[in-house]
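Working notes, structure below.
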Amino acid sequence: SLVQLFNTVGTVNCQISGGLNSGMILSAGAAQASFFVEASDRRLKSAIKPLQKGIDTIKKFLSYEYIKNGFDDAGFMAQDIQEVIPYAVKKGDDGYLSLNDTAILAYLHKSVNELDKRLSIVNQKLK
């Protein structure tokens with residue numbers, strides 16, 4: 001179904017499929033809000049286990065600067081991420097790939113913890 005969203009700038013047409021709780025909202029342009037919220041309650045998840053390899057995973061893909069829709073941007077290529085973290089990438093009906101940045105953020109967090117542990121070991125050896 002087609003939904004029109006209104007704001008102070010004007011009207012934005014969005015395509016909503018599957019309903020707000022289980023589907024997807026598509027927009028031909030940028031989406032802007034004060035903040036975006038993703039459901040992350042532990043009760044919604046199963047087979048929970050800690051990440052094992054943060055730095056090793058992050059080092060397998062590059063980050064880029066590029067122009068997208070006429071605007072300067074930075075980020076990742078979904079094709080690169082798909083090879084390393086396949087569940088972070090979804091293919092749309094239009095054939096384009098979409099990326100779940102939260103999965104990458106989790107690996108970055110693990111990487112920071114791994115680096116902090118390495119730094120602590122180095123600091124202990126220097127004492």
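Just so it is clear, none of the values below were taken in a lab; they were calculated from the coordinates. Here the structure is a predicted model, which is why all the values come from computation and not from measurement. Heads up, the Cβs are rebuilt from the backbone with ideal geometry, glycines too, and the neighbour counts pull from every protein chain shown.
Here are some notes:
- Relative protection proxy for 78-85, 119-126, from highest mean packing down: 78-85, 119-126 (other beta-carbon atoms within 10 angstrom).
- Calculated P(r) of segment 31-85 - Cα pairs past 18 Å, %: 62
- Counting only Cβ charges, +1 for Lys and Arg and -1 for Asp and Glu, the dipole size of segment 60-127 around its Cα centre is about 620 debye.
- Packing around the peptides 42-52, 87-97, 108-118, 66-76, taken as the average count of other Cβ atoms within 10 Å per residue, puts them in this order, highest first: 108-118, 87-97, 66-76, 42-52.
- Other residues whose C-beta falls under 14 angstrom from the C-beta of LEU119 contribute a net charge of +2, scoring Lys and Arg +1 and Asp and Glu -1.
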